[in-house]
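This report concerns only the one structure given below.
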Amino acid sequence: IDVDMKARLLFVAFLALLGAGALAWYLIAGARYAVYLIYTSDAVSGLIVDAPVEFHGVEVGKVRSVKLVDPQRVGIVLEVERATPVSSATVATIISRGVAARGFTGYVYVALEDSGTGSPLQARPGEAYAEIRTAPGRVDSAPMSMMSAPACSSSRACAKARSGSRNLPPSEKESGVT
């Protein structure tokens, strides 16, 4: 076997090892998470792929995908750590924290709550993922102010503002600015 053939065999062996390592990593990482599906008719503005999934306030997973199922529903696929006790009593809620829903700082996430009285959640026959029930979404942020501009409280000040002020700023010559 010449040197070129040895180099090719070594390269092929390297690629095979790299592929086997990537496959092992994928299988091990995939075994760590269970996949669930939720449907909602609520607006999901700001909910993005990789958004956190929390169980009683503890981060336990992430959003895998967000897709429009039909004009009335959005399907959201969640990856949740297998150790998380998701059951038939688990309810998912889409929540925005901060002012994320208004396009500012903050974030949108999926909250899972469970009363602990349900049986383990299983996928229905013919379905790829088990479905978690949903509750109406809610916003945890303080409301934005909707106050209008202040009304004129002094009739004299309002009258002066409406008539236009006779007190104009000084000209450059009068102010000393050149």
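Taking R0 as 25 Å, what's the FRET efficiency between residue 77 and residue 56 from their Cβ-Cβ distance, rounded to 0.05?
Working: r = 21 Å, r/R0 = 0.84.
Step by step, r from the Cβ atoms, then E = 0.75.
Please list, ordered by chain and number, the residues whose modelled amide H lies under 5 Å from the amide H of residue 123; skip anything fewer than 5 residues away on the same chain.
Placed amide hydrogens put 130 under 5 Å from residue 123.
Modelling each spin label as a point 7 Å along the Cα-to-Cβ direction, I'd like the residue 113/residue 1 distance in nm, to one decimal.
Once both label points are built, they end up 6.5 nm from each other.
Quick one: 3J(HN,Hα) in Hz for the stretch 81-95, Karplus 6.51/-1.76/1.60 with θ = phi - 60°, rounded, Gly and Pro as x.
3, 4, 6, 6, x, 6, 9, 5, 8, 6, 10, 9, 9, 8, 10
Between residue 26 and residue 8, what is the label-to-label distance in nm when each label sits 7 Å out along the Cα-to-Cβ direction?
The two pseudo-label positions are separated by 2.7 nm.
A short reminder: the numbers here are calculations on the coordinates, not readings from a lab. Remember, predicted model here, so these are calculated numbers, not experimental data. Glycine gets a Cβ as well: all are built from the backbone with ideal geometry, and neighbour counts include every protein chain shown.
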